[in-house]
Amino acid sequence: MTVFLHFDRDRCKGCELCVSVCPKHVLALDMASTNAKGYHPAAAKDPAACIACASCAKICPDSVISIEKE
Ligand code: SF4
Ligand code: SF4
């Protein structure tokens, strides 16, 4: 199974809820970039470790994350 994580990065407010809920420590804020709202957006730092549990997508209050499985 291959998992694709997509981030609607300009909607992210950097709250880190997704980072805190991920059981595999896949996510982190991208401190090297800033989105249209002026926040460091969430990104996948270790996408290969993702198990597609969708916890991050469910907890995000702004529907930033979508997950595709292949
Ligand atoms: S789908 Fe699950 S394992 Fe993958 S990044 Fe989101 S919370 Fe982490
Ligand atoms: S939970 Fe949503 S808004 Fe908060 S950091 Fe993660 S992607 Fe961004």
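Read the figures in this text as sums done on the coordinates, not as results from a lab. Computed from a predicted model, the values in this text were never measured in an experiment. As a convention, Cβ positions derive from the backbone with ideal geometry for all residues, glycine included, and neighbour counts pool all protein chains shown.
Being surrounded by 12 or more Cβ atoms within 10 Å (Cβ to Cβ) and part of a strand (DSSP E or B) is the requirement here; does ALA57 meet it? So ALA57 does not fit the description; no. Which of the residues belonging to segment 24-67 are near ligand 1 (Cβ under 6 Å from one of its atoms) and touching a helix residue (DSSP H, G or I) at 6+ places or on another chain (Cβ under 8 Å)? Answer for segment 24-67, where residues must be near ligand 1 (Cβ under 6 Å from one of its atoms) and touching a helix residue (DSSP H, G or I) at 6+ places or on another chain (Cβ under 8 Å): LYS24, VAL26, LEU27, SER55, CYS56, ILE67.
Filtered by the rule that a residue be within 12 Å of ligand 2 (Cβ to nearest atom) and over 16 Å from VAL21 (Cβ atoms), segment 40-60 gives HIS40, PRO41. Among the residues in segment 30-48, are any at positive phi and surrounded by 13 or more Cβ atoms within 10 Å (Cβ to Cβ)? Scanning segment 30-48 turns up no residue that is at positive phi and surrounded by 13 or more Cβ atoms within 10 Å (Cβ to Cβ).
Every test in (1) within 12 Å of ligand 2 (Cβ to nearest atom); (2) under 12 Å from the mean Cα position of the chain (by Cα); (3) surrounded by 14 or more Cβ atoms within 10 Å (Cβ to Cβ) is passed by SER63 save one, and that test is (3).
Among ALA28, ALA52, ALA32, which is the only one that is small (Gly, Ala, Ser), in a loop (DSSP other than H, G, I, E, B) and touching a Lys or Arg at 6+ places or on another chain (Cβ under 6 Å)? Of ALA28, ALA52, ALA32, the one residue that is small (Gly, Ala, Ser), in a loop (DSSP other than H, G, I, E, B) and touching a Lys or Arg at 6+ places or on another chain (Cβ under 6 Å) is ALA52.
Between residues in segment 42-70 that are touching a residue at least 60 places away in the same chain (Cβ under 8 Å) and under 14 Å from LYS13 (Cβ atoms) and residues that are surrounded by 14 or more Cβ atoms within 10 Å (Cβ to Cβ) and not polar (S, T, N, Q), which pairs lie under 7 Å by C-beta distance while being six or more apart or on different chains? These pairs meet every condition: ILE65/LEU5; ILE65/PHE7; ILE65/CYS18; ILE65/CYS56; ILE65/ALA57.
Entry remark, segment 2-18: residues being assigned to a loop (DSSP other than H, G, I, E, B) and either near ligand 2 (Cβ under 8 Å from one of its atoms) or not β-branched (Val, Ile, Thr) (or both) number 6 in total. Suppose we keep only residues that are in contact (Cβ under 8 Å) with a residue 24 or more places away in the chain and within 9 Å of ligand 2 (Cβ to nearest atom) within segment 20-34. Which one would you say is nearest to GLU70 (Cα to Cα)? Ranking the candidates gives LEU27 first.
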